[in-house]
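Below is one structure, written out as structure tokens; comments come after it.
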Amino acid sequence: QVQLVESGGGLVQAGGSLRLSCAISGQTSGVYAMGWFRQAPGKEREFVAACSWNGGTTYYADSVKGRFTISRDNAQNTVYLQMNSLKPEDTGVYYCARATNDGSYALASMLAPAHLYNYWGQGTQVTVSS
């Protein structure tokens, strides 16, 4: 049984930074892409960032491009989301997710659809105050 546990969320002021972590446990063998999604109150869950197994392919939502960075340490079974220059509109519950394949797509945007991910964490709250 695969388990994903996010951590690192919290309350920050606009312009601040947070680093989210996602620990993968249970069944960590194989290769798979990882993604981050978020859901603001009253809104649909949206794609934030994703990374292929080897880190060779990354993709970001336009709203976070240039501010957020996804990375992973496969040896430690951990994926990260570094969030800089945070804005109030970044507020929401952030979820990490594991895909069913290594994410080696010819087009990086193909990492975005939520249906590609079959394991999800419980989420961690990120609140950015103005």
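Suppose we keep just the alpha-carbon trace of the stretch 59-130; what are its Rg and Dmax in angstrom?
Rg then Dmax for the stretch 59-130, in Å: 13.2, 39.
If you count only protein heavy atoms with a 1.4 Å probe, what accessible area per residue comes out for the stretch 23-129, rounded to a whole Å²?
Details: 5010 Å² over 107 residues.
Each residue of the stretch 23-129 exposes 47 Å² on average to a 1.4 Å probe.
With charges only on Cβ, +1 for K and R and -1 for D and E, what is the dipole size of the chain about its Cα centre, in debye, rounded to 20?
Here the size comes out at about 100 debye.
At 0.692 mPa s and 37 °C, plugging the Kirkwood radius over alpha-carbon pairs of the chain into Stokes-Einstein gives what diffusion coefficient in µm²/s?
This corresponds to a translational diffusion coefficient of 227 µm²/s.
Please check: in the Gaussian network model of the chain (C-alpha springs, under 10 Å), which one of Leu11, Leu81, Leu116 has the largest mean-square fluctuation.
Ranking Leu11, Leu81, Leu116 by mean-square fluctuation puts Leu11 first.
Where does each of Tyr117, Tyr60 land when they are ordered by accessible area, with a 1.4 Å probe and the largest first?
Tyr60, Tyr117
Once you've got the GNM for the chain with C-alpha springs shorter than 10 Å, pick whichever of Ala33, Ala75, Ala14 has the biggest mean-square fluctuation.
Between Ala33, Ala75, Ala14, it is Ala75 that shows the largest mean-square fluctuation.
Roughly to the nearest percent, how much of the accessible area of the chain is carbon and sulfur, given a 1.4 Å probe?
With neighbouring chains kept in place, the figure for the chain is 48 percent.
The values are calculated or read from the model by the stated rules, or taken from the named source; none is laboratory data. Just so it is clear, the model here is predicted, and its values are computed rather than measured. Note that we place each Cβ from the backbone using ideal geometry, even for glycine, and neighbour counts take in every protein chain shown. For accessibility, only protein heavy atoms count, side chains too; no ligands or nucleic acids. Shrake-Rupley method; radii C 1.70, N 1.55, O 1.52, S 1.80 Å.
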